[in-house]
Structures are given as structure tokens and as C-alpha cells.
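The values are calculated or read from the model by the stated rules, or taken from the named source; none is laboratory data. The shown structure was predicted, so the numbers you read here are calculated from the model rather than taken from an experiment. Using ideal geometry, Cβ is built from the backbone for each residue, glycine included, and neighbour counts are taken over all protein chains shown. These accessible areas exclude ligands, DNA and RNA; they are computed on the full protein's heavy atoms, side chains included. Shrake-Rupley method; radii C 1.70, N 1.55, O 1.52, S 1.80 Å.
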Amino acid sequence: MSHSPLDHTTDLDTYFDELGRWLELEGEAERERLVHRRRIRSQSHVEKTGETLIGLQMHDHRTGLAGRLLLDFSKPGDHPLPMNRLKVGSPVVVTDTDNPADKGIAGVVSRRKHNTIQVATEVWPEGKRYRLDLSPDETTRRRQLSAMAKARLATGRTAKLRDALLGKREARFNDIQVSPACLTTLNPPQLDAVAFGLAAKDVAVIHGPPGTGKTTTLAELIYQSVQNGARVLACAPSNTAVDNLLEKLVALMPNVIRVGHPARVFEALRGHTLDELVDNDPSTDVVRDMRREVQDLIRTAEKGFRSHDGHRRRRELFAEAGRLRGQIRSLEKSVIQSVIDSADVVCTTTTIDDELLGSRSFDLVVIDEACQCTLPSIWQAVLRAEKLILAGDHCQLPPTVLSDQAAAAGMRDSLMQRLIIREGESIYRRLTVQYRMHESIMRFSSDTFYEGSLIADASIKHHRLCDLPDVIETPLTELPLEFIDTAGAEFEEQIEADGESKLNPKEANLVIQLIGELIEAGVSPAEMGIIAPYAAQVRLLRGRLNVIGLEIDTVDGFQGREKEVIIVTMVRSNENREIGFLADTRRTNVALTRARRKLIVIGDSATLASHKFYTKMLEHFESQNAYRSVWEFDEI
């Protein structure tokens, strides 16, 4: 854990002043990145940052909930969008590509596919070709600062919870009872975690290592709380994590509502989104008519006018559309509040829309993937809580922090991680039975990060790739674990042209060869994933492997995911034995624990062994007879 001045002896003013300083540093780092991207002239170079898309055209638009505009952008010819970090919920600026002076309009990514990206805005953008930039998230920062100011001055129940979180008073528990009859079939550690969470009066932590059914356990805990009469706010830092929890919850109870921008709404879940519930309310018929009128006004304005006062007429039409959207928002507001009041569980990201939820408080607030939340980001949720449950795994991905100074001061250390380190076993329960990985794949992670406590369930303990239907038995499909050592074979890393990210073309060649062999053995591409720690390697492989169903992504892209086969290309190979951010071994833990039946790691042992973690990893592969040299391959 990074050095941080924040501990249980820190007074409240010092604590919240420090969090405010971190937010200021993070804001500066984001603004500097935006300025840097705006200065880049080359299209290929600016898009390599993953934070910008340029040369887009608007191919569709409609009016959504609360009168917001939903604008669909794509590349000309409907080509796939380049790899980017513009995720659902990301704040963006939409500007006119052809007008460098355009200051743009603010928006939020509301949906994305491989070839389109949808942005929700309040204002119609100027121009015919557009640019999207990930923007400094000032709205979120303002909300966090406001929540921290309220937490600092809180009294009553909120003050007691705050002080328990900061170690200024002891967290309290009722006597732990045997778990009630569960709707879900849970194992003993999961049942214990549910009972522990129910017994908490202030805060409790559920530690869920990879594949241990953390979200399933959390959903059951929420269900039991609702059965006891509680209203619940279920949060997570990312839209995908919220939707994963939503999927589990709707299988257990009916009155669950998803607010915000759902990242991937399955058919079975759409009826639980706020947009859909409001849209199906009988009182919104008049709103539909008004939305159609807004669409007509915008279409008319888009056509343009040949008369000398055409620009004035166009502005008037857009202004009228804006006025109508205001009326739509007012009418929908009462419907929205009624729908939210009817819910037992409200699901949203930790960036809570305070206007939407108003002054509502909840008997229980749950934060899933809490280890990816910075300290400033949790206070919006805490302020609404009678009781708080944090769930996640501090041995996997930490919060994303752009400012090196803020990170060094402790911003990457989540509240959940701090609670576990400060309070020990009195504050948490760990899930230990995992249902994903073959025992050989699990063992290194278990021994290194979880004190050897993980147990592979009998159903998956010895499952192999060749046990799948239509997969033939070969050395590649029979063995669960493999490290392919490239030492001495001149598999040197390179810096991406016009970029800063690293790639390793020869490792990429080997990955392509292995994918070919796996497909030939009968493995479906949809059951395979390739993970690279560097975006440049991901781009290289995506450009060379056009295989339908095959997923290629960074570690972040695979967090919370799993595949039957995972190939990890480590990329780093250099004479100085530098491993860069591979030194953050929590990221590697994520990569090594995504595979169910087959894990292949490709790397240079001479470079990797400069770090003791990777020395132990190599020893584990050798102990499992899973070490191979690249020289054993016919073609390298």
C-alpha cells in the first residue's frame, strides 16, 4: 500500500482537505492530457491515445429520457471504430473536426458498438464532421467535493458511519445468526459472508477473489435485506459492473431499477431500466408527442434554408426544440420520481445523479468492485447509507488515477483496502471456493495473493480444454497451463510508431500461431481471449487477427471476465530487464485468473525474472511441468 498520511489519528479537516487536493491534482492531469491531444495533428497518432475519435459523421439521432439528445456517430463507410477508452458513462466533448476554434459541447457516452458510439447531450452540435474527446470529468468532481463537504460536517447517523469508516469508532455487529433460507445455492463461505453482512450495523466487507461468486453472494445479501424490509442502493464504479449486479438481482426479485446509462442491456433487463419504465408509464403519452415534435423541428433545421435569413430561422427552430425539451424534462420529472419510489433496489454507478435521487437515503448501500473506487468517489454513496457493504478484491485492479502525485500520496488505495489492512478479519469475510479455474491455473494466484486459501470446486478442479465438445485431445488442449519462454530468441520489444505504447511483433506472431492451432483442434474463437498489458500490442493483434468471436484486449478490458482459453503476451523484453508497469502485480493477477481451462503466458524469462513476483511465477510453471522454450516451435 502506498504511503499515505491518512489514518485513524487524522482529524476530519486534514482528511477531507487531502482528498480535495487529490481531486485537484487529478483534474490538472486530465486537463493536461486534453490539451496535449488537441495539439496532435496526425489522425492516426491522436486516435492512438484511445481518448479521441475524429472524422466522425452523425448517422442518426433521437430524443431520450428527460429530453436529452441521443446522437449516434460513426466513421464514414461504417468502418469499425479504433480501439478507444470512451466507455459508457464517459464524459466527452463533441467538436467540429473542421473548426479548430470550436469549443464544443459537453456530452456523456450512452451506448457503444464496434462501429458506432452514441452520445447524450443537451445541445445540438455544430458541423458536419465531428471529433470526440474524453474530457475532464468536472461534473463528477464537483459532486464528489460537495459530498465530501457534507460528510465533513455530518451529524447523527451519517457521522457515526463516517467515523467507523475512518477508524475513529469501532464498527458494530449484531450477533451473527445462521443464514436464512437462500434463493441461491451458496457454499459455506458464501453463506457466512451473507450472515456477516446482515449482522453489520455500520460497515462490512466481502472479499471476493477471482471466480468465487462475489456478485452472486452480494445479490443474495441484497435480497435478504429487502426481505427484512430494507430499501437498497446498489452501486459500482463502472457501468459494466452495475449491469453484472443488476443481472443477478432481477433473477431474485422484481422491483429493481437501473438508473443512468446501462452499458449492455440484455432483453431480460430492459424492463428494469429507468428509461423503459418511464417510457411505459401511461402518463408519458403526451411526452411522446412532444418528442416527435422535437424530432421534426431538428430535421427541418438540419435541411437548412436558402433565404438570406436562413441562419436565423435555423437558430429559431433549434431554440424551439430546446424549449420543448425543457417542458419534456418537467413533465417526466414527476413520473421519474414515482418510478424510483416504487423500487426496492436502485442500481447506479458511484457517480450518483443527485438531482435524480434527490434527498433519498437507503437502509443499505452496497458498493461492488469497491477496490476500483478512489476515496473521494465513495462519499456520495456513503451519505445516503444507514449501513454500508463493500465488496471487491484489493488484489486485483486498483482505481484508475492519472496524477502520479496523487497516486503517490495514496489515491490508488481504496477504502476497502484500507479497512482490511486497518481492521483485519474483524471487518471482512473472504470467499474461498472458486468455480472458474482449473486447480493448476488457480494455484499461483491463491498462494501469492490469498495465503493459499482458494479451493477449486470439484466441478471445475480438473476440467480441461479437450473435455469440451468437438475439441480434440492434443498436448495443447490436454494441459491446463503453459509458459512459453522467449529468452535468447531476440523477441525484442518495440515502441509503437508515432506513439508511446510498447509492442512485441514476434510475440504477436507466436500468439497468431497458437490461435491457429487451437482453432484447428476445435476450440471456438468465442471461447478464447488474448490479453496484453500494452494497448499497442492489442492494436497490433487486432489488426492481424480478424477472427470473428475472438476477443483481444488489455487487462482492464478483461476485468471481471473469463474465457475457456486465455493467452497472455507479456511484451516486455529488453537488455536492461525493465518491466515498467508490469511491476503492478495486481494487474498480472487479473490476467492470470481469466482462464477456465487453459492459460498460456508468453514472455522473456530473462527480463521478467528481474522482479521477484515473476521469478515465483516462473517457478510455479516449472513445478507444474508447464514450461516450454520458444525454441521448441518449428517456426518462430
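Summary table below
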{"read-out": "Dimensions in Å of the chain - Rg and Dmax from alpha carbons", "value": "25.7, 81"}
{"read-out": "Cleavage-rule hits (GluC sites (Glu not before Pro)) in the range 404-454: DSSP loop, at most 11 neighbouring Cβ within 10 angstrom", "value": "E451"}
{"read-out": "Neighbourhood charge, 14 Å Cβ-Cβ cut-off, centred on R141 and excluding it, Lys, Arg +1 and Asp, Glu -1", "value": "-3"}
{"read-out": "Share, in percent, of DSSP beta bridges within the chain that are antiparallel, nearest 5", "value": "40"}
{"read-out": "Extension gain from T400 to H36, taking 0.36 nm per residue of separation minus the Cα-Cα distance", "value": "129.1 nm"}
{"read-out": "For the range 320-370, radius of gyration divided by Kirkwood radius, i.e. Rg to Rh on alpha-carbons", "value": "1.08"}
{"read-out": "Rounded FRET efficiency, nearest 0.05, which uses the C-beta distance separating H8 from E575 and R0 of 56 Å", "value": "0.75"}
{"read-out": "Over the range 304-448, relative contact order from alpha-carbon pairs under 8 Å, at least 6 apart, %", "value": "16"}
{"read-out": "Computed [θ] at 222 nm, deg cm²/dmol, the chain (DSSP H ≥ 4; -39,500 (n - 2.57); rounded to nearest 500)", "value": "-11500 deg cm²/dmol"}
{"read-out": "1.4 Å probe accessible area per residue over the chain, in Å²", "value": "43"}
{"read-out": "Between the range 571-604 and the range 140-174, the Cα center-to-center distance that results, in Å", "value": "38"}
{"read-out": "Loop-resident sites, the range 65-153, for trypsin sites (Lys or Arg not before Pro), counting at most 13 other Cβ within 10 Å (DSSP)", "value": "K103, K113, K128"}
{"read-out": "Cα-derived Rg over Rh, computed across the range 79-219 with Rh taken as Kirkwood radius", "value": "1.16"}
{"read-out": "Distance in nm between pseudo-label sites at S623 and S146 (7 Å out along the Cβ direction from Cα)", "value": "5.3"}
{"read-out": "Too-long pairs where the Cα-Cα distance tops 26 Å, listed order kept, from K387/K563; K48/K87; K48/K598; K87/K150; K214/K461; K103/K150", "value": "K387/K563; K48/K598; K87/K150; K103/K150"}
{"read-out": "Efficiency of FRET from Cβ geometry, Q295 and E24, R₀ 45 Å, rounded to 0.05", "value": "0.60"}
{"read-out": "Cα centroid separation - the range 466-536 against the range 377-453, whole Å", "value": "30"}
{"read-out": "When the convex hull of its Cα atoms is projected in every direction, mean area for the range 268-383 (nm²)", "value": "10.6"}
{"read-out": "FRET efficiency, N174 to R288 (Cβ-Cβ, R0 60 Å, nearest 0.05)", "value": "0.75"}
{"read-out": "Apportionment of accessible area to carbon and sulfur, the chain, percent (1.4 Å)", "value": "48"}
